[in-house]
Amino acid sequence: MKLFDFDPNKLYLPHNLYEMSNLGYIDDVYEVAVYDNEGPVPHMHIFKGNPKRPEWQTFVKLGFPEYFPHGKKHFSTMDSKLKKLFISFMESPSDEEGANLTNWQDAVRYWNRHSRYKLSYMVPMPDYSLL
């Protein structure tokens, strides 16, 4: 079963391929991003405010419905409202032009393109309601 309808090796625009990929915003407040070369555990950052000194942040694994304890960084958990908004955001179509992906698929694609630790494209989106 093919879960991705795109070529993972093709460069889709408009992502700036520097140090992170901003997937978008949840409720125009929380930014969802995937960073380059972040170690062996595929994950994404959800934060409010400046990414270098966020007012609020958490880290969620891409392959499992689990929070990721990101070194010594303080992180919070999502309340039920934010969790529902997060799930809806991840299931929504990506803004990535021409990619025909959900935001979750776009996060996996970005992770795999910029990390030596890959997540299989055959892995379905986890049930993040279990967070």
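The values are calculated or read from the model by the stated rules, or taken from the named source; none is laboratory data. The shown structure was predicted, so the numbers you read here are calculated from the model rather than taken from an experiment. Positions of Cβ are backbone-derived with ideal geometry, glycine not excepted, and every protein chain shown enters the neighbour counts.
Considered as a group, the residues in segment 79-117 that are exposed (fewer than 12 other Cβ atoms within 10 Å of the Cβ) and not polar (S, T, N, Q) include one that is nearest to PRO51 (Cα to Cα), and that residue is ASP79. If we scan segment 60-83, do we find a residue that is polar (S, T, N, Q) and under 15 Å from the mean Cα position of the chain (by Cα)? No; the residues of segment 60-83 include none that is polar (S, T, N, Q) and under 15 Å from the mean Cα position of the chain (by Cα). For the residues SER76, SER129, the requirement of being touching a residue at least 40 places away in the same chain (Cβ under 8 Å), surrounded by fewer than 19 Cβ atoms within 10 Å (Cβ to Cβ) and not hydrophobic (A, V, I, L, M, F, W, C) singles out SER129. The residue that is modelled with the highest pLDDT, among those in segment 54-109 that are outside any loop (DSSP other than H, G, I, E, B) and acidic (Asp, Glu), is GLU91. Looking across segment 28-63, the residues that are surrounded by 21 or more Cβ atoms within 10 Å (Cβ to Cβ) and hydroxyl-bearing (Ser, Thr, Tyr) come down to TYR30, THR58.
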